[in-house]
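Everything below concerns the one structure shown next.
The values are calculated or read from the model by the stated rules, or taken from the named source; none is laboratory data. Everything quoted here is computed from the prediction, not taken from an experiment. We place every Cβ from the backbone using ideal geometry, glycine too, and count neighbours over all the protein chains shown.
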Amino acid sequence: MNTRILTGITTTGTPHLGNYAGAIRPAIVASRDAAADSFYFLADYHALIKCDDPLRIQRSRLEIAATWLACGLDAERVTFYRQSDIPEIPELTWLLTCVTAKGLLNRAHAYKASVDKNVESGEDPDAGVTMGLYSYPVLMAADILMFNAHKVPVGRDQIQHVEMARDIAQRFNHLFGQGRELFTLPEAVIEESVATLPGLDGRKMSKSYDNTIPLFGSAKQLKDAVARIVTDSRLPGEAKDPDSSHLYTLYQAFASGEQLAAFRAELLDGLAWGEAKQRLFQLLDAELGEARERYAQLIAKPAELEDILQAGAAKARRIATPFLGELRESVGLRSFRSQAQVAAPSKKKASKTARFASFREADGSFRFRFFGADGEELLLSRPLSNPQAIGALTQRLIAGGADALELREDEGTQFTLWLDEECVADSPSYADPDALDAAMLRVREAIATLAQS
Ligand code: TRP
């Protein structure tokens, strides 16, 4: 199977140049790898956690969808969809919620940050914290596990969430997998080489600093933004230091080696900042100009975008629907019809299955006998103080299965059953070693039939 790469884009805001260089461009390059199947989706359920303005939600989904396609994402090749078009995702979220420890979510950074802030300002710790924010990692786990992604490219702030998805997957596999890996354990991938762009003021480009360069504004908007990049006060003709200039860093993220060397030489040679900005604008415009036109066309035809995303959802659901069916089965949400079919024959078998029977001794202690399918008594336990202990013991024997049973021969006429270095049960006496061996085999077989049912 190809490596499955999956990542989600929260649909808040409008993509800027930093998003492009840091996430969109590398993801599109990665999606062309023939050895990978890529899943990219708009995490619009996640967007609802942070935003209660329907118009902004709608606008951002449209812009982000158009951005990815305009930048060259091939929707035929990858699976590109909106989270909210896949009803299996919230359904899986519930199945996962039921196995997720509350304590795990208490440790999530995003939630903890909100609590810390509240505590600092003397508020109730959970003031303003919704269940959406609190359960955010479970929804994200469902996004990832729904498609059994191997690799999840994310920013550093999301590593913890991918690790939580792993934890939740492991727990679910353990509880319901019956030895099978229902879910692939995902791994976060951090692209070390990817550029984190500085914004206009030199700090990391981010909407929260209001220092962004728009990705698909008009050419004029791009030019105006570049003009606002902060530089030092060196005059035209004075040598500029490229390495302390974030204008240079921005240039670097888009230039070829040759272009960069030429630009560097010009700066050292005293190129005016105004000229340098003109060079950067031209470079950006050359890289983004065509995509900007495609973007404008896409935005102008939202119905076509809708069709593309619907096709993507159908493609995703060809995987999600049958897989969720399997998961429902695994937790016991099964059709009564199939149960009726299964239950009838197994009832007949029930009268002929091996079984444990526990009972109370006259002295108040408890024991069990273990019978083979034909009713033969195979084992009698040592006394225990309460029926719960008997229950726990028999459960462990069944769960361990035939191979884990530790049977020890005793004097050639009897054998004993051991668990944790303690003798827990004795067999009846047998006439000779062959009969003893045969009886030990019958014990293993009888346990094996219970482990399967
Ligand atoms: N939480 C991610 C972010 O804010 C977006 C996201 C949602 C995501 N679901 C995902 C990323 C699944 C990777 C995989 O960046």
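Within the range 198-217, being touching a residue at least 12 places away in the same chain (Cβ under 8 Å) and assigned to a helix (DSSP H, G or I) holds for one residue alone: LYS207.
In the range 1-15, the residues that are more than 15 Å from HIS150 (Cβ to Cβ) and acidic (Asp, Glu) form no Cβ pair under 7 Å with any partner that is crowded, with 18+ Cβ neighbours inside 10 Å and at pLDDT 95 or above, whether six or more places apart or across chains.
Conditions (1) of a type outside the set (Lys, Arg); (2) closer than 21 Å to ALA27 by Cα; (3) under 29 Å from the mean Cα position of the chain (by Cα), marked per residue:
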residue	(1), (2), (3)
THR184	yes, no, yes
ARG203	no, no, no
ASP232	yes, no, no
ASP241	yes, no, no
PHE263	yes, no, no
LEU271	yes, no, no
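Filtered by the rule that a residue be farther than 25 Å from MET1 by Cα, of a type in the set (A, V, I, L, M) and modelled with pLDDT under 95, the range 131-168 gives no residues.
Looking only at residues in the range 119-138 that are among the β-branched types (Val, Ile, Thr) and within 16 Å of the ligand (Cβ to nearest atom), which one is farthest from ILE159 (Cα to Cα)?
Residues of the range 119-138 that are among the β-branched types (Val, Ile, Thr), as a first pass: 119, 129-130, 138.
Filter once more, keeping what is within 16 Å of the ligand (Cβ to nearest atom): 130, 138.
On the way: THR130: 22, VAL138: 14 Å.
Here the residue is THR130.
Filtering the range 143-159 to residues that are more than 10 Å from the ligand (Cβ to nearest atom) and farther than 22 Å from GLU88 by Cβ leaves ARG156, ILE159. Can you confirm whether the range 125-134 contains a residue that is closer than 23 Å to PHE172 by Cα, in contact (Cβ under 8 Å) with a residue 60 or more places away in the chain and surrounded by 13 or more Cβ atoms within 10 Å (Cβ to Cβ)? Yes, there is a match, as at least one residue in the range 125-134 is closer than 23 Å to PHE172 by Cα, in contact (Cβ under 8 Å) with a residue 60 or more places away in the chain and surrounded by 13 or more Cβ atoms within 10 Å (Cβ to Cβ). Filter the range 266-325 down to the residues that are surrounded by 13 or more Cβ atoms within 10 Å (Cβ to Cβ), closer than 17 Å to TRP68 by Cα and basic (Lys, Arg) and list them by number. Result: ARG292, ARG294. Do you know which residues across the range 428-453 are assigned to a loop (DSSP other than H, G, I, E, B) and either free of Cβ contacts under 8 Å to residues at least 24 places away in the same chain or in contact with a helix residue (DSSP H, G or I) (Cβ under 6 Å, 6 or more places away or on another chain) (or both)? Hits for the range 428-453 are SER429, TYR430, ALA431, ASP432.
Here ASP116 does not qualify as farther than 14 Å from PRO186 by Cβ, more than 10 Å from the ligand (Cβ to nearest atom), among the charged types (D, E, K, R) and in a loop (DSSP other than H, G, I, E, B). Among (1) of a type outside the set (Asp, Glu); (2) closer than 23 Å to GLY332 by Cβ; (3) in contact with a Ser or Thr (Cβ under 9 Å, 6 or more places away or on another chain); (4) away from the ligand (no atom under 16 Å from the Cβ), where does ALA101 come up short? It fails just one condition, (3). Among the conditions (1) more than 10 Å from the chain's Cα centre (by Cα); (2) without any contact (Cβ under 8 Å) to a residue 40 or more places away in the chain, the only one that LEU92 does not satisfy is (2). Just checking, does the range 56-73 include any residue being within 14 Å of the ligand (Cβ to nearest atom), in contact (Cβ under 8 Å) with a residue 40 or more places away in the chain and among the charged types (D, E, K, R)? Yes - at least one qualifying residue is present in the range 56-73.
Checking each residue in the range 247-265 for being assigned to a helix (DSSP H, G or I) and surrounded by fewer than 20 Cβ atoms within 10 Å (Cβ to Cβ) picks out THR249, GLN252, GLY257, GLU258, GLN259, LEU260, ALA261, ALA262, ARG264, ALA265. Would you confirm, using the coordinates I've provided, whether GLY412 is in contact (Cβ under 8 Å) with a residue 24 or more places away in the chain, surrounded by fewer than 16 Cβ atoms within 10 Å (Cβ to Cβ) and touching an Asp or Glu at 6+ places or on another chain (Cβ under 8 Å)? Against the criterion (in contact (Cβ under 8 Å) with a residue 24 or more places away in the chain, surrounded by fewer than 16 Cβ atoms within 10 Å (Cβ to Cβ) and touching an Asp or Glu at 6+ places or on another chain (Cβ under 8 Å)), GLY412 qualifies.
Of all residues in the range 1-51, those that are among the hydrophobic types (A, V, I, L, M, F, W, C), closer than 16 Å to LEU69 by Cβ and near the ligand (Cβ under 10 Å from one of its atoms) total 5. Selection of first residues in the range 218-232 that are surrounded by fewer than 12 Cβ atoms within 10 Å (Cβ to Cβ) and of second residues that are part of a helix (DSSP H, G or I), restricted to Cβ pairs under 9 Å at least 6 apart or on distinct chains, gives the following pairs, ordered by first then second residue: SER218/ARG292; ASP232/SER244; ASP232/TRP273.
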